[in-house]
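Beneath this line is the structure, given in structure tokens, with notes to follow.
The values are calculated or read from the model by the stated rules, or taken from the named source; none is laboratory data. Just so you know, these numbers come straight off a predicted model, no measurement behind them. All Cβ positions, even for glycine, are placed from backbone atoms using ideal geometry, and neighbour counts span all protein chains on display.
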There are 2 protein chains.
Amino acid sequence: MQKFDLDLILKAQRRLQGQVVRTPLLSSAMLNDIVGADVYVKAECLQKTGAFKFRGAMFKLAELAPSDRNKGVITYSAGNHGQAVAAAAHQWGCPSVVVMPEHAPKIKQDNCRWWGAEVVLYNKDVEDREDVTQRLIESRGLTFVSPFDDPFIMAGQGTIGLEIAEQLAEVGATPDSVWLGCSGGGLASGTLTAMRAKCGNLESVLVEAEGYTKWQTALQKGEPVKLEHLPKTLIDGIAGPAVGALPFEVLKPIQPHTEVAYLEDAFQGMRTAFQYLKLVLEPGGAAALGTLIREKKRYEGKTVVVVCSGGNVDPDVFLQAWTH
Amino acid sequence: MQKFDLDLILKAQRRLQGQVVRTPLLSSAMLNDIVGADVYVKAECLQKTGAFKFRGAMFKLAELAPSDRNKGVITYSAGNHGQAVAAAAHQWGCPSVVVMPEHAPKIKQDNCRWWGAEVVLYNKDVEDREDVTQRLIESRGLTFVSPFDDPFIMAGQGTIGLEIAEQLAEVGATPDSVWLGCSGGGLASGTLTAMRAKCGNLESVLVEAEGYTKWQTALQKGEPVKLEHLPKTLIDGIAGPAVGALPFEVLKPIQPHTEVAYLEDAFQGMRTAFQYLKLVLEPGGAAALGTLIREKKRYEGKTVVVVCSGGNVDPDVFLQAWTH
């Protein structure tokens, strides 16, 4: 099995050059005033397909054997990873299947289909996404593209950390803390590996959706966990059921802090990004920013990086940030 | 008087290095599919203070004599230029006054005050903004910072054109057409001068708000015009009363096309930027994009650049793009 390390992230950066957006690291004097800290926002909602997931999917497909790639790829996803795999497959000219819960936002379903993917819907209450996916892998000879539990996926997402380190160096800033939304752990394991290598030791904070605080539990227990009860949530981008085994191996020795994002935190992040950064964020993409604002007292005078990871949101959900 | 030319724009780019955001040039496969063309969006809503105006204001203040700058600066503005002057003055540590119509969006008034500017409101129906401003210049010894009729302002905005040319070269694209919202003409004169120098001859399209089609009239008559009747409009970012004399001298030989943006076009641009680019645009910042979509039949298979120039919009106006 491929080893995950900084070298693989550096390889991913070389492979992805010109294929992914080098998203800007934004700041706002008004936002800094509100938080009482120097805040740098990595605007991954501006990535192709509207979320960071495209980085990992592109690198994974680049590293597949052409014969496997040509037979097609499959994944399960609350949405953004599915879109990313569909778009990457489109780029490589190979078939793709995306397994999604029935209540996934319509924009995410539509986007997968637009890229040419076949969308297979399942009922979250009576079926398991792994089982549905496994049946299709066996019947069609597809290759599974994990949303997070794969060294290539983790390395692709890790290019965000390399870019942040470069962009902070350009403005002469040294980060004290980095905040990111976390579900399976692909973004966090990749980004934190890169940033700790490039920026030295820094506090890292994983933000989890209310009802999905599996990293908090896993880090306490010392082993990955899988949730049994999956409440409905608008913070769907970071509401997967499982901690990734490989991301857990990477993050366990780092011992990141965890924070719970409530819906109001996600909405606060969305309103803040709208007003001060002119970015559209989905609840899962805004949860880290909103939760940082809630916890701002701990960061007075510090330099904090926040990864805002996705912007795929239906207008009616977006409007709820003001009207709920 | 300072000459306006490409050299001044190049000087502005050197002076502004690290002081302004090099905003990304974004694209979306889905947007390209809708328009039937390769569309590149210059995301100037991500500029400091949320609009391109910061570029010109920063360069103008950089070029003032320190003794004049210390006495303070004044401007009139529908909002974005006012914010930009206030922020630039804050950066330089000098006083600033912004003269604004009473019905200017509250976010724009608040933002000017946040930067330390004194906001002077006037009644558009009974007073003239030039008269209000002139009284304050005389009584306080302030230096006027024109929103557009100034070679330094035009050159500052023109750095957008240099960046677009560089960013197109990075992806190997050659533009056929460039679309931008236009009111006084600072953005258009600067950007088109830079792009025509760097990208060769290309079609240029000035988009004007309904009721404010002063460039159409001016280019037909062969001289700058000033409107008498100023209807209320939500497309306030490009709804100034006058064509700038100096921008007119620059744009007249170029003979750009003009297009009228109706409110529905601006809303179309806002919805499109929300869905496919994850950008928040104000109506005036989205008018060019929405009008291009309306006129897309002319651009099949072409490469089109659109400057999306500002994102300072109150939530209730933003929501109207879906609910009106």
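Among the residues of the stretch A:283-317, those identified as in contact (Cβ under 8 Å) with a residue 24 or more places away in the chain, closer than 20 Å to B:Thr272 by Cα and surrounded by fewer than 24 Cβ atoms within 10 Å (Cβ to Cβ) are A:Asp314, A:Val317.
From the list A:Gly93, A:Gly50, the one residue that fits, being under 15 Å from the mean Cα position of the chain (by Cα) and not charged (D, E, K, R), is A:Gly50.
Scan the stretch A:171-190 for residues that are among the β-branched types (Val, Ile, Thr) and within 14 Å of another protein chain (Cβ to nearest Cβ) and jot them down.
A:Val171
Among residues that are on the phi > 0 side of the Ramachandran plot and free of Cβ contacts under 8 Å to residues at least 60 places away in the same chain, B:Gly18 is included.
Entry remark, the stretch A:268-324: residues being among the aromatic types (Phe, Trp, Tyr) and more than 21 Å from A:Leu168 (Cα to Cα) number 3 in total. Applying the selection to the stretch A:120-142, what residues are touching a Lys or Arg at 6+ places or on another chain (Cβ under 7 Å), closer than 15 Å to A:Val99 by Cβ and in contact (Cβ under 8 Å) with a residue 24 or more places away in the chain? Within the stretch A:120-142, just A:Leu142 meets the criteria. Tell me which residues, restricted to the stretch B:12-51, are among the small types (Gly, Ala, Ser) and within 13 Å of A:Leu46 (Cβ to Cβ). Scanning the stretch B:12-51 gives B:Ser27, B:Ser28, B:Ala43.
Among the conditions (1) closer than 30 Å to A:Thr49 by Cβ; (2) β-branched (Val, Ile, Thr); (3) within 16 Å of the chain's Cα centre (by Cα), the only one that B:Val35 does not satisfy is (3).
Restricted to the stretch B:12-115, the set of helices (runs of 4 or more DSSP H) holding at least 1 residues that are of a type in the set (D, E, K, R), in contact with a helix residue (DSSP H, G or I) (Cβ under 7 Å, 6 or more places away or on another chain) and surrounded by fewer than 21 Cβ atoms within 10 Å (Cβ to Cβ) comprises B:53-63, B:66-71. Does A:Glu264 satisfy the criteria of being of a type in the set (Asp, Glu), within 16 Å of the chain's Cα centre (by Cα), farther than 19 Å from A:Gln216 by Cα and not assigned by TED's automatic domain parsing to the domain that holds A:Asp128? Taking the combined requirement at face value, the residue does not satisfy it. Look at A:Lys60 and say whether it is over 20 Å from the mean Cα position of the chain (by Cα) and away from chain B (no Cβ under 14 Å). When the stated conditions are applied, A:Lys60 does not pass them. Of the residues making up the stretch B:164-220, those that are assigned to a strand (DSSP E or B) and within 16 Å of B:Val304 (Cα to Cα) are B:Ser177, B:Val178, B:Trp179, B:Leu180, B:Gly181, B:Glu203, B:Ser204, B:Val205, B:Leu206, B:Val207. All told, A:Ile9 meets the bar of being part of a helix (DSSP H, G or I), buried (at least 24 other Cβ atoms within 10 Å of the Cβ), modelled with pLDDT of 95 or more and more than 8 Å from chain B (Cβ to nearest Cβ). Give just the number: which of (1) closer than 23 Å to A:Gly240 by Cβ; (2) outside any strand (DSSP E or B); (3) in the same structural domain as A:Ala239 (by TED's automatic domain parsing); (4) touching a strand residue (DSSP E or B) at 6+ places or on another chain (Cβ under 8 Å) does A:Thr133 not satisfy? Of (1) closer than 23 Å to A:Gly240 by Cβ; (2) outside any strand (DSSP E or B); (3) in the same structural domain as A:Ala239 (by TED's automatic domain parsing); (4) touching a strand residue (DSSP E or B) at 6+ places or on another chain (Cβ under 8 Å), only one is false for A:Thr133: (3). Screening B:Gln216 with (1) surrounded by fewer than 16 Cβ atoms within 10 Å (Cβ to Cβ); (2) in contact with a Ser or Thr (Cβ under 6 Å, 6 or more places away or on another chain) gives one miss only, at (1).
Right, B:Gly285: out of contact with any Leu (no Cβ under 7 Å at 6 or more places or on another chain), more than 8 Å from chain A (Cβ to nearest Cβ) and not in a helix (DSSP H, G or I) or not? Considered against the rule, which asks whether it is out of contact with any Leu (no Cβ under 7 Å at 6 or more places or on another chain), more than 8 Å from chain A (Cβ to nearest Cβ) and not in a helix (DSSP H, G or I), B:Gly285 comes out as no.
Do we find that B:Ser177 is closer than 30 Å to A:Gln19 by Cβ and more than 17 Å from the chain's Cα centre (by Cα) in this structure? I'd like the intermediate steps shown before the answer.
On the way: closer than 30 Å to A:Gln19 by Cβ: yes; more than 17 Å from the chain's Cα centre (by Cα): yes.
Against the criterion (closer than 30 Å to A:Gln19 by Cβ and more than 17 Å from the chain's Cα centre (by Cα)), B:Ser177 qualifies.
Across the stretch B:255-282, what is the total count of residues that are in a helix (DSSP H, G or I) and surrounded by fewer than 20 Cβ atoms within 10 Å (Cβ to Cβ)?
3
Scanning the stretch A:152-170 for residues that are within 14 Å of chain B (Cβ to nearest Cβ) and either crowded, with 24+ Cβ neighbours inside 10 Å or not small (Gly, Ala, Ser) (or both) turns up A:Glu163, A:Glu166, A:Gln167, A:Leu168, A:Glu170.
Taken as a whole, the structure places A:Ala43 among residues that are at pLDDT 95 or above, within 14 Å of another protein chain (Cβ to nearest Cβ) and within 15 Å of the chain's Cα centre (by Cα).
Of the residues contained in the stretch A:234-251, none is found to be surrounded by fewer than 17 Cβ atoms within 10 Å (Cβ to Cβ) and assigned to a loop (DSSP other than H, G, I, E, B). Taking the criterion of being away from every other protein chain (no Cβ under 14 Å), among the aliphatic types (A, V, I, L, M) and touching a Leu at 6+ places or on another chain (Cβ under 6 Å), no residue of the stretch B:12-38 qualifies.
Of all residues in the stretch A:260-282, exactly one satisfies the criterion of being over 20 Å from A:Met30 (Cβ atoms) and within 14 Å of chain B (Cβ to nearest Cβ), namely A:Glu282.
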